[in-house]
Amino acid sequence: MKLSIIDYGAGNLPSVERALRKLGAETECVARPEQIAAARALILPGVGHFSAFVAGLRERNLTVALRQALTSGAPILGICLGLQAMFASSAEAPGEQGLDLIHENVQALSSNVKSPHIGWNQLRRLRNSILLRDIPEDAYFYFAHSYAAAASEPHIAAACDHGFPFAAVLEQDNLMAVQFHPEKSGEAGACVLRNFLEWAQ
Amino acid sequence: MTLARRIIPCLDVDAGRVVKGVAFAGLRDMGDPEELAARYNDGGADELILLDITASRDCRATFLETVQRVARQLNIPFTAGGGIRRLEDGHAVLRAGADKIAVNTAAVERPELISELAARFGSQAVVLSMDVKKTAAGWDVFIRGGAESSGRNAAAWAREGVARGAGEILLTSIDRDGTCSGFDCGLTAAIAAQVSVPVIASGGAKTFDDFLAVFGEGQADAALAASIFHTAEHSIGALKKYLAGRGVPVRLSR
């Protein structure tokens, strides 16, 4: 199955692409609305500023196509900012609108912990997870972010604690997203990508 | 559930080869960057840093090619730096496969560079690298590979860098670099107390106890070393087991 990696101009595509190809997946980078509409499964990588992401999608006329693809059930894996993008808005860019598939807001990490939250951290499982299948409970994943969504809702499969418990793994119908970088998380990360591939088949 | 302390091998490269000096001088060839990167990736490194120590304009293409070759070997985070003077330089390094950009001299000369990079790529992608040396005036920031004092105080510069958007500080003690006399824990703790972002301690690593000390009294979030790993004097796996046995949270590979 071919995976379409959304290129909105700021993401770190090469490493995501390389990690997926190592697992035997076929990948293509897409930057046009009709490519998104035709995609079997999507990857939304994310590095950078929330507003750069929103602007990148808008400039390429991708926002509507992406929302349509996702509301019609196309499987997607959002990574880092790609998770935050699924929310309504972010404190990083007040006034900018996210994809609003999850009607909540992304907030800044609390001021009593180091921010950005950079490094390898563990997860707390909240329910059965498709993406974390066969991964040891104590596995570490690589995080690099200053904003996060509170892990309060039923669509959160695993949380991570840094200041407050935040959404580390989101799974809701066709929407899958992780706040950490699976492509940078060694073996455990490769396993997350493999689980996504198998599920999206 | 705790954020693990990171062990970060560093590759100093010159014209496509890994080199290592003592107190920033007397370079020796240490091998091929791609081979070392693969070894560290599989050996339990938490991250890899690649620094172009010549940072010359003419060698840009060679450096980007090295970044690309190294990135191919990694499934861990990867920082690259050296000679990044403009937004476009940073973009080229990220496009070549790095996750973070380290800036040093150019940021001291034009601090707006930090703000520009952070606005474009996010703070998590911007590492402020500072080379610090003890002088009569205190801890001073040195530039051009440690050749020249910038006249800036290390703590003040760290604070300014973070205020401008740096997401991490790579703090190198010039006095300790390559001397194998241990990290400068006093310097590291002093800077860590000044900023809200992670601090990577660098310079002087020799024994396992040096790492234990820098994560303890040094308050470091990560520790960087080059020589001791390149020469295979220590394996990262053995170091992490040692640290884990003494209560330091580390990511142990299976």
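What follows is calculated from the coordinates using simple rules that are stated; it is not laboratory data. These numbers were taken from a predicted model, which means no experiment stands behind them. Glycine gets a Cβ as well: all are built from the backbone with ideal geometry, and neighbour counts include every protein chain shown.
Some points to look at:
- Two-site label geometry, A:Asp138 and B:Glu65: point separation in nm, points 7 Å out along Cα→Cβ: 4.5 nm
- Convex hull volume of region A:98-201 per residue (C-alpha atoms, cubic angstrom): 99 Å³
- For region B:1-143, size of Cβ-based charge dipole, Lys and Arg +1, Asp and Glu -1, in debye: 180 debye
- In this structure, the amide hydrogen of B:Trp139, modeled 1.01 Å from its nitrogen in the peptide plane, lies closer than 5 angstrom to those of B:Ala154, counting only residues at least 5 positions away or on a different chain.
- 3J(HN,Hα) couplings calculated from phi for region B:80-94 with the Karplus curve 6.51 cos²θ - 1.76 cosθ + 1.60 (θ = phi - 60°) are, in sequence order, 10, x, x, x, 8, 10, 9, 3, 5, 4, x, 4, 4, 5, 5 Hz; Gly and Pro show x.
- Built amide H within the under 5 Å cut-off of B:Arg6, gap 5+: B:Ala222, B:Ala223
- Put a plus charge on the Cβ of each Lys and Arg, a minus charge on the Cβ of each Asp and Glu, and nothing anywhere else: the dipole of chain B about its Cα centre is then about 380 debye.
- Dimensions of the protein assembly as shown based on its C-alpha atoms, expressed as ranges along the principal axes with the largest first, amount to 66, 44, 40 Å.
- The mean count of C-beta atoms from other chains within 10 Å of the C-beta of residues in A:159-170, rounded to a whole number, is 1.
- Taking N as its residue count, the alpha carbon Rg of region B:108-231 over 2.2 N^0.38 Å: 1.02
- Sorted by Cβ neighbour density within 10 Å, fewest at the top, the residues B:Thr79, B:Thr188: B:Thr79, B:Thr188
- Overall, chain A carries a charge dipole of about 240 debye about its Cα centre when +1 sits on the Cβ of Lys and Arg and -1 on the Cβ of Asp and Glu, all other atoms neutral.
- Which of B:His230, A:His162 has the fewest Cβ neighbours within 10 Å, and the rest in rising order: B:His230, A:His162
- Signed unit charges on C-beta, dipole axis of region A:2-200, positive-most listed residue A:Ile118, A:Leu20, A:Ser146: A:Leu20
- Normalised size of region B:94-176, defined as Cα radius of gyration per 2.2 N^0.38 Å with N residues, equals 1.06.
- As a ratio to 2.2 N^0.38 Å, the alpha-carbon radius of gyration for region B:6-245 is 0.91.
- Computed E for B:Ser253/A:Arg127 - FRET, C-beta separation, R0 35 angstrom, nearest 0.05: 0.80
- Pair-distance profile P(r), taking every C-alpha pair of region A:43-107, with 5 angstrom steps and integer %: 4, 18, 33, 30, 13, 2
- Dipole axis of chain B (+1 Lys, Arg; -1 Asp, Glu on Cβ), positive-most option in B:Cys10, B:Val126, B:Asn75: B:Asn75
- Put in line by how crowded their Cβ is, counting other Cβ atoms within 10 Å and starting with the fewest, B:Val197, A:Val64 read A:Val64, B:Val197.
- Using the Cβ-Cβ distance between A:His103 and A:Met1 with R0 = 41 Å, the FRET efficiency computed as 1/(1 + (r/R0)^6) comes to roughly 0.85.
- In region B:122-199, the trypsin sites (Lys or Arg not before Pro) that fall in loop regions by DSSP, at most 15 other Cβ within 10 Å: B:Arg144
- Whole-Hz ³J(HN,Hα) from phi, Karplus 6.51 cos²θ - 1.76 cosθ + 1.60, for region A:73-87, glycine and proline x: x, 5, x, 9, 10, x, 10, 6, 4, x, 6, 4, 4, 6, 8
- P(r) tail fraction, chain A - alpha-carbon pairs more than 21 Å apart, %: 46 percent
- Legend: mean number of C-beta atoms from other chains within 10 angstrom of residue C-beta atoms, peptide A:112-125, equals 6.
- Helical mean residue ellipticity (222 nm; -39500 (n - 2.57) per DSSP H run of 4+; nearest 500) of chain A: -7500 deg cm²/dmol
- Filter on B:Lys206/B:Lys241; A:Lys114/B:Lys240; A:Lys22/A:Lys184; B:Lys206/B:Lys240; A:Lys184/B:Lys100; B:Lys133/B:Lys240 - keep pairs with C-alpha separation over 20 Å: A:Lys114/B:Lys240; B:Lys133/B:Lys240
- Of the DSSP H helices in chain A, those with a Cα length along their own long axis of 20 Å or more and a mean Kyte-Doolittle hydropathy reaching 0.0 comprise A:186-200.
- DSSP-assigned coil residues among trypsin sites (Lys or Arg not before Pro) in region A:99-128, each with at most 10 further Cβ atoms within 10 Å: none
- Converting phi to 3J(HN,Hα) with the Karplus coefficients 6.51, -1.76 and 1.60 and the offset θ = phi - 60°, region B:110-120 yields 9, x, 4, 3, 4, 4, 5, 5, 5, 5, 7 Hz in sequence order, with x at every glycine or proline.
- Remark: mean inter-chain Cβ contacts per residue of A:180-186 equal 5, using a 10 Å Cβ-Cβ cutoff to other protein chain atoms.
- Annotation for B:Arg144 and B:Leu27: the two label points, set 7 Å from Cα along the Cα-Cβ direction, are 1.6 nm apart.
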